[in-house]
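> Sharing a structure here in structure tokens format.
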Amino acid sequence: MSRIEVVSLVKEWNGTRAVDNLSFVVPEGTFTVLLGPSGCGKSTTLRMIAGLEDVTAGRVLIGGKDVTRADPAKRQVSMVFQSYALFPHLSVAENILFGLKVRKIAAAERDKRLKRVAGVVGLEDFLDRKPAQLSGGQRQRVALARAIVAEYPVCLMDEPLSNLDAKLRGEMRSEIRDLQRKLGMTMVYVTHDQTEAMSMADQVVLMKDGVCEQIGTPDDLYNRPSTAFVARFLGMPPMNVIRLACGAQGCRVAGLESDGSVTVEAGDGWLLGVRPEDIALDPSCGIPGQAIAVDYLGADSVVRIALGEQQIIARVAGHCQLGSGQPIRVSWTPAVQHLFDDQGRRVA
Amino acid sequence: MRTTLKKAAIGLAAASAVLGLAAAAQAKTQLTMYYPVAVGGPLTKIVDDLIAGFEKQNPDVSVKAIYAGNYDDARVKALAALNSGEPGQLAVLYALDSYELIEQGAIIPFDEFATTPEDKTWLKSFYPALMENGTIQGKTWGIPFQRSTIVMYYNKDAFKEVGLDPEKPPQNWDELTKMSQKLVKKEADGTVSRWGVMVPSTGYPYWMFQAFAMQNGQLLMNNAGNEVYFDTPASVEALTYWRDLGTKYGVMPTGTIEWATLRQAFTEGKTAIMWHTTGNLTAVKDTAKFNFGVAMLPAMKQRGSPTGGGNFYIFKKTSKEEQQAALKLIKYLTQPERTAEWSIKTGYVGTRPDAYETPALKKYAQEFPPAVVARDQLKFASAEFSTYQTGRVRKLLSDAIQAVLTGAKQPKEAMSEAQKQADALLRRYK
Amino acid sequence: MRIGGPVAIRNQVYGWLLLTPAAFLLVAFTHYPAVATLAQSFFTQGTALHPSKFIEFENYRFMFDDPVFWKVFRNNAIYSSITVPTSIAFAILMAIWVNEKLPLRGLVRMAYFTPTILPMIAVANIWLFFYTPEIGLLDQILGRFGFQSPNWLGNTDTVLGCVIVLAIWKDAGFFMIFYLAALQSLPVELEEAARLEGASRWYYFRRVTFPLLMPTTLFVMINSLINSFKLIDHLFILTKGGPDNASSLLLYYIYEVAFSFLDQAYASTLTVVLLALLALLAVGQFTILDKRIHYR
């Protein structure tokens, strides 16, 4: 009933393509995150699904019905805006009930729903307040309440947590995820924060420059990035992507002599990806490098290392005591290697 | 702080020294004159030229002529200057402001300093009708300068078109009614494209009404300025006739007629006859694209028209020397030649008979006969409506006239009310 | 830092010296005239023949018996109660209209704003020729359809309406600018949120735009109300308050009394009443409306 299909969607502004031939499917009752750096077209895509933005080409289907040109009100979607878009002169209760009043839902029904939703988001004691009298988190909840009180099967969220502090953001992440599961909503959620994507999504659509880089579960994207961009976008710290120089003698880290050779079959200029946590540091064996800096994070340390003119990052347990400029050797097992060709596409 | 103060003190001293020097350099008599402009045309230029001519002849007097807006503005400015203790020495103000200026204690009569035999002859050289407003309690308070009267402008082409003799304008009310009825032109759909006659009733309705009343043999006030005659049968009759031109005879639009736009209505042929000030003569001459005539206002029991416009006044707070200098200026400006020049350039009435004997005005009258109609009418003319409390009393009359013309009140009722209120205002001046 | 020490005293003096010019101007041009006006309203107008004397409330009693005062008072009430809401309504409508993405938007905005930058006297002269029968624009237009145009300004029934139309025409464009600024400060997301909920444009305007514009409306309302009492320039050109005071307003009457009747005392009385009235209206608007306004 509420499956969303986006088919070859295009949005052009004055000749430049903000969204270029984007297609994906959000199965009913699942959580899809549109992820990407700012300006990649993810918000525009969401607004086209909502009907707030005209579609240049392509189609949007909700529940199997083509709504590409339909009025936003006819699409039966609710939306949470980045700015929350709360009506500043209306109380919390009035804000939540705004849409129900527009649709002339009976007062008794309205009260029932208000009570229920207020309970769900924990706003029972604030119903008479104005938005200005609430904290950021509370305002966020009002916006959330307004989205779920409509009881629409589809909910769209546009960076809803970006205005909150880190701690609150963590709490709200799980709350939103729980809510979505409990209510069985089909959710499309826009964010540039990979943590949100990884922790919440059933499916991630990673975009760059209006084009889809990869669609898949968080697991897919993390463990099998289909491009070097995806590889570098996910992970904290992100994956190391090392440029290779290959010749008759085999492959080595570009810029290093024979002591920088790696065991991989690749072409010249290809890229080798290794996650920081998969790198082992050893003073005696491996590729020689120099420690540049160490960030101590408590449970582990992030070490920046120069391999010739390239830099990589390694993540090691405990407090690493390497000083700046100290020589060190790095190594990893072939099983953790990702290989990308000179266009950045995954090879193995 | 201290050095700043010192600098300021030095600056002040220097400034006052310069001012002192400037004052010392001006040993000649300084005159400040306020004057208004009430009709179109480059009047300020003409006044400036006249003043320049006077200063050339009298190097010991310097005149600052201040253009002060319309008549009301000029009065406000002159009186404000008076209250501030820095009055001008003379002004051109409404002829009808005499009572008010006397009550304010603002002016002195000319008899007090125009004492030589020559001065006395000069005082008698003006048309008597123009002296009436300025002559109160046997003394002369104002000298006529830019004076006007009401005349009848008529469209000769329209007269010809409906078969009337264009050289025979209406001579009395009856003719005015009948000819106007002929002159009204209606379109097929019933709308009027040309009216017979229009008499303006905004701005100065009392003035126009004075003409009707005088023609019906009724003056509206006494010379002492403490009695008015609004509710006499003759007055009521006069107002009734004015209203009937619109409501009964259908030769004039009902409601009030705007003073400021009437001239244009006439020159665009929207009315065949209009009553208006002679001050508009030159402007009508310049804009009318048809032959037009100017005639005296028609008679009922007699002919009649009020005079209007401005007189010279001399303010009380002036020194003997200033009085003499001001007198010299006024005498210069009212010389027959100056008067003739002024009349030709503006259309105002020449204020004295000998002005019409000057070659310039004689020649002008020959080329443009309408120029002398106002003068000829002066023998039937009388003072403009003016009493003590003149602003209030005049407004009572104007409101009553407008109430009748707009159909809000009947003539008898409106005039009785105005009479009662005016009597109350004038009681303490008896 | 002993209080009352020589330094503190010098600072005090210094402070007062700095304030003196402003205080002097304020007293000389605001406070003194107001008090003088009040004082003068208890005296007769002094002239050379009849010196001024103290008469308590005689001027006020005269005012209550003055039919012209009641007439201009009623005129002003009608004038204000029509010009204020109508010009506000037009201002909002025009602001919403020019806030849309429409072709030549800049030009349309300019056109609406033009009446504001024209001097009132010039405007009145233009409208005088609109209204004049026989040669006026209105007459020409009506004439084309075969109607005889009424004598707009020469009729007690229509003259006040004519003056009102002119005032609205003059004011609405000015107030539009304030509404336009207010509209542009409203976040777009609010309208988008409402659109998603299915709110019609009218519903959104009624429930969201208009309430959020209330601070502007209060400001505009007070300005417009004050304008309706203090802006009378057009009367001098258009009607001179006539015919028979049918288009006269309070301030115009005060002008007449002061400068045509030369009765400063009675003019002061009327001025006191006008000031009291304005103060009352302003206080009323602020106290009653302020509670119901949402300020961001």
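> Taking the stretch A:293-313 as the region of interest, how many residues are in contact with a strand residue (DSSP E or B) (Cβ under 6 Å, 6 or more places away or on another chain), over 20 Å from A:E257 (Cα atoms) and without any contact (Cβ under 8 Å) to a residue 60 or more places away in the chain?
7
> Here's a check for you: in the stretch B:91-105, which residue that is out of contact with any Asp or Glu (no Cβ under 8 Å at 6 or more places or on another chain), part of a helix (DSSP H, G or I) and not β-branched (V, I, T) is farthest from the other protein chains (Cβ to nearest Cβ)?
Ranking the candidates gives B:S98 first.
> Please enumerate the residues belonging to the stretch B:374-417 that are among the aliphatic types (A, V, I, L, M) and within 30 Å of B:T135 (Cα to Cα).
Of all residues in the stretch B:374-417, those among the aliphatic types (A, V, I, L, M) come to B:374, B:378, B:381, B:383, B:393, B:396-397, B:400-401, B:403-405, B:408, B:414-415.
Once the filter is applied, which keeps residues that are among the aliphatic types (A, V, I, L, M) and within 30 Å of B:T135 (Cα to Cα), the stretch B:374-417 yields B:A374, B:L378, B:A381, B:A383, B:V393, B:L396, B:L397, B:A400, B:I401, B:M415.
> A follow-up question, please. Using the structure shown, decide if B:T240 is within 14 Å of chain C (Cβ to nearest Cβ) and over 28 Å from B:A65 (Cα atoms). Steps first, answer last, please.
On the way: within 14 Å of chain C (Cβ to nearest Cβ): no; over 28 Å from B:A65 (Cα atoms): yes.
For B:T240, the condition - within 14 Å of chain C (Cβ to nearest Cβ) and over 28 Å from B:A65 (Cα atoms) - is not met.
> What's the number of the only condition in (1) more than 20 Å from A:E94 (Cβ to Cβ); (2) touching a Gly at 6+ places or on another chain (Cβ under 9 Å); (3) in a helix (DSSP H, G or I); (4) not acidic (D, E) that A:K182 fails to meet?
(2)
> Still on this structure, please answer the following. Quick test for you: out of C:D263, C:D244, pick the one residue that is within 24 Å of C:Y79 (Cα to Cα) and over 20 Å from the mean Cα position of the chain (by Cα).
Details: C:D263 fails: within 24 Å of C:Y79 (Cα to Cα).
Of C:D263, C:D244, the one residue that is within 24 Å of C:Y79 (Cα to Cα) and over 20 Å from the mean Cα position of the chain (by Cα) is C:D244.
> Is at least one residue of the stretch C:238-250 part of a helix (DSSP H, G or I), modelled with pLDDT of 85 or more and surrounded by fewer than 24 Cβ atoms within 10 Å (Cβ to Cβ)?
no
> Also, quick follow-up: Would you please list the contacts, defined by Cβ atoms under 6 Å and residues six or more apart or on different chains, that run from a residue in the stretch B:115-141 that is over 15 Å from B:A355 (Cα atoms) to a residue that is hydroxyl-bearing (S, T, Y) and assigned to a helix (DSSP H, G or I)?
If the second residue must be hydroxyl-bearing (S, T, Y) and assigned to a helix (DSSP H, G or I), the pairs left are B:N133/B:S98; B:G134/B:S98; B:I136/B:S98; B:W141/B:S98.
> If you scan the stretch B:185-233, which residues turn out to be surrounded by fewer than 18 Cβ atoms within 10 Å (Cβ to Cβ) and in a helix (DSSP H, G or I)?
Once the filter is applied, which keeps residues that are surrounded by fewer than 18 Cβ atoms within 10 Å (Cβ to Cβ) and in a helix (DSSP H, G or I), the stretch B:185-233 yields only B:P233.
> While we're on this one: Restricting to the stretch B:142-161, give me the number of residues that are touching a residue at least 40 places away in the same chain (Cβ under 8 Å) and either aliphatic (A, V, I, L, M) or in a helix (DSSP H, G or I) (or both). Steps first, answer last, please.
Pass one, the stretch B:142-161, residues touching a residue at least 40 places away in the same chain (Cβ under 8 Å): B:142-159.
From the residues that got through so far, the ones that are either aliphatic (A, V, I, L, M) or in a helix (DSSP H, G or I) (or both) too are B:143, B:150-152, B:156-159.
Number of matching residues: 8.
> Any chance you could count how many residues in the stretch A:42-64 are assigned to a loop (DSSP other than H, G, I, E, B), over 14 Å from C:E192 (Cα atoms) and within 14 Å of chain C (Cβ to nearest Cβ)? Explain how you work it out, then say what you get.
So the first thing to find is which residues in the stretch A:42-64 are assigned to a loop (DSSP other than H, G, I, E, B), and the list is A:51-56, A:63-64.
Applying the additional criterion that residues be over 14 Å from C:E192 (Cα atoms) yields A:55-56, A:63-64.
After this cut, where a residue has to be within 14 Å of chain C (Cβ to nearest Cβ) as well, the list is none.
The qualifying residues number 0.
> Inspect the stretch B:67-86 for any residue being at pLDDT 85 or above and either within 14 Å of another protein chain (Cβ to nearest Cβ) or buried (at least 22 other Cβ atoms within 10 Å of the Cβ) (or both) and give the result as yes or no.
Of all residues in the stretch B:67-86, those at pLDDT 85 or above come to none.
No, the stretch B:67-86 contains no residue that is at pLDDT 85 or above and either within 14 Å of another protein chain (Cβ to nearest Cβ) or buried (at least 22 other Cβ atoms within 10 Å of the Cβ) (or both).
> While we're looking at this one, here's another question. So the check is Cβ under 6 Å with 6+ separation or different chains; which pairs have a first residue in the stretch A:121-144 that's β-branched (V, I, T) and a second one that's outside any helix (DSSP H, G or I)?
Taking only residues 6 or more apart or on different chains, the pairs are A:V142/A:L86.
> Still on this structure, please answer the following. If we scan the stretch A:219-236, do we find a residue that is surrounded by fewer than 18 Cβ atoms within 10 Å (Cβ to Cβ) and at pLDDT below 90?
Yes, some residue in the stretch A:219-236 is surrounded by fewer than 18 Cβ atoms within 10 Å (Cβ to Cβ) and at pLDDT below 90.
> List the pairs whose first member sits in the stretch C:238-252 and is more than 10 Å from chain B (Cβ to nearest Cβ), whose second member is small (G, A, S) and part of a loop (DSSP other than H, G, I, E, B), and whose Cβ atoms are under 7 Å apart, counting only residues at least 6 apart or on separate chains?
Every condition considered, the pairs that remain are C:S247/C:G241; C:Y252/C:G241.
> Would you say A:G318 is small (G, A, S) and under 14 Å from A:L272 (Cβ atoms)? Spell out how you get there, then give the answer.
On the way: small (G, A, S): yes; under 14 Å from A:L272 (Cβ atoms): no.
No; evaluated as a whole, the condition is false for this residue.
> Under 7 Å between Cβ atoms, at least 6 apart or on separate chains: pull out the pairs that start in the stretch A:203-225 with a residue that is under 12 Å from A:P37 (Cα atoms) and free of Cβ contacts under 8 Å to residues at least 40 places away in the same chain and end on any residue that is crowded, with 21+ Cβ neighbours inside 10 Å and of a type in the set (D, E, K, R).
Nothing qualifies.
The rows are residues; the columns are (1) farther than 20 Å from C:L212 by Cα; (2) surrounded by 14 or more Cβ atoms within 10 Å (Cβ to Cβ); (3) among the hydroxyl-bearing types (S, T, Y).
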| residue | (1), (2), (3) |
| --- | --- |
| A:P88 | no, yes, no |
| A:S91 | no, yes, yes |
| A:D125 | yes, no, no |
| A:I148 | yes, yes, no |
| A:S162 | yes, yes, yes |
| A:L179 | yes, yes, no |
| A:G184 | yes, no, no |
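This table checks each residue for (1) more than 17 Å from A:L46 (Cβ to Cβ); (2) touching a Leu at 6+ places or on another chain (Cβ under 9 Å); (3) modelled with pLDDT of 90 or more.
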{"position": "A:S162", "(1), (2), (3)": "no, no, no"}
{"position": "A:M172", "(1), (2), (3)": "yes, yes, no"}
{"position": "A:V190", "(1), (2), (3)": "no, yes, yes"}
{"position": "A:M207", "(1), (2), (3)": "no, yes, yes"}
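> If you check C:K101 against the conditions, is it of a type in the set (K, R), surrounded by 16 or more Cβ atoms within 10 Å (Cβ to Cβ) and more than 9 Å from chain B (Cβ to nearest Cβ)? Before you say what the answer is, go through the steps one by one.
Details: of a type in the set (K, R): yes; surrounded by 16 or more Cβ atoms within 10 Å (Cβ to Cβ): no; more than 9 Å from chain B (Cβ to nearest Cβ): yes.
Judged against the criteria, C:K101 is not a match.
> Only residues in the stretch B:203-219 that are in the same structural domain as B:S398 (by TED's automatic domain parsing) count as the first member; pair them with residues that are part of a loop (DSSP other than H, G, I, E, B) and small (G, A, S), Cβ under 7 angstrom, at least 6 apart or cross-chain, and list the lot.
B:M208/B:S201; B:A211/B:G304; B:M214/B:G304; B:Q215/B:G304
> Please state which of the following conditions C:F29 fails to meet, knowing it meets all the rest: (1) closer than 27 Å to C:A167 by Cα; (2) of a type outside the set (A, V, I, L, M); (3) exposed (fewer than 12 other Cβ atoms within 10 Å of the Cβ).
If we test C:F29 against (1) closer than 27 Å to C:A167 by Cα; (2) of a type outside the set (A, V, I, L, M); (3) exposed (fewer than 12 other Cβ atoms within 10 Å of the Cβ), just (1) comes out false.
> Which members of the stretch B:390-430 meet the condition of being at the interface with chain C (Cβ under 9 Å from one of its Cβ atoms), assigned to a loop (DSSP other than H, G, I, E, B) and either free of Cβ contacts under 8 Å to residues at least 60 places away in the same chain or in contact with a His (Cβ under 6 Å, 6 or more places away or on another chain) (or both)?
The answer is B:A408, B:K409.
> Here is a further query. Among (1) under 29 Å from A:L22 (Cβ atoms); (2) out of contact with any His (no Cβ under 6 Å at 6 or more places or on another chain); (3) assigned to a strand (DSSP E or B), there is one condition A:G273 misses while meeting the rest; what is its number?
Among (1) under 29 Å from A:L22 (Cβ atoms); (2) out of contact with any His (no Cβ under 6 Å at 6 or more places or on another chain); (3) assigned to a strand (DSSP E or B), the lone unmet condition for A:G273 is (2).
> Considering each residue of the stretch A:2-38, count those that are within 24 Å of C:A193 (Cβ to Cβ), loosely packed, with under 14 Cβ neighbours inside 10 Å and in contact (Cβ under 8 Å) with a residue 40 or more places away in the chain, and give that number.
Adding up the residues that qualify gives 1.
> Please specify each residue of the stretch B:247-268 satisfying the condition of being surrounded by fewer than 22 Cβ atoms within 10 Å (Cβ to Cβ), more than 9 Å from chain C (Cβ to nearest Cβ) and touching a residue at least 60 places away in the same chain (Cβ under 8 Å).
B:T247, B:Y249, B:G250
> Ok, one more. Residues that are within 7 Å of another protein chain (Cβ to nearest Cβ), at least 1 per element: which helices (runs of 4 or more DSSP H) completely within the stretch C:121-207 meet that? Lay out the reasoning, then the answer.
Details: elements: C:137-144, C:159-184, C:188-197, C:201-204.
Ranges flagged: C:137-144, C:188-197, C:201-204.
> Every residue in the stretch B:197-237 that is of a type in the set (A, V, I, L, M) and closer than 29 Å to B:Q137 by Cβ, please.
Going residue by residue through the stretch B:197-237, those that are of a type in the set (A, V, I, L, M) are B:197-199, B:208, B:211, B:213-214, B:219-221, B:224, B:228, B:234, B:236.
If the condition is that a residue be of a type in the set (A, V, I, L, M) and closer than 29 Å to B:Q137 by Cβ, then B:M208, B:A211, B:A213, B:M214, B:L219, B:L220, B:M221, B:A224, B:V228, B:A234 are the ones that fit.
The values are calculated or read from the model by the stated rules, or taken from the named source; none is laboratory data. Because the structure is predicted, anything quoted here is derived from the model rather than measured. Neighbour counts are summed over all protein chains in view; Cβ atoms, including those assigned to glycine, are modelled from backbone coordinates with ideal geometry.
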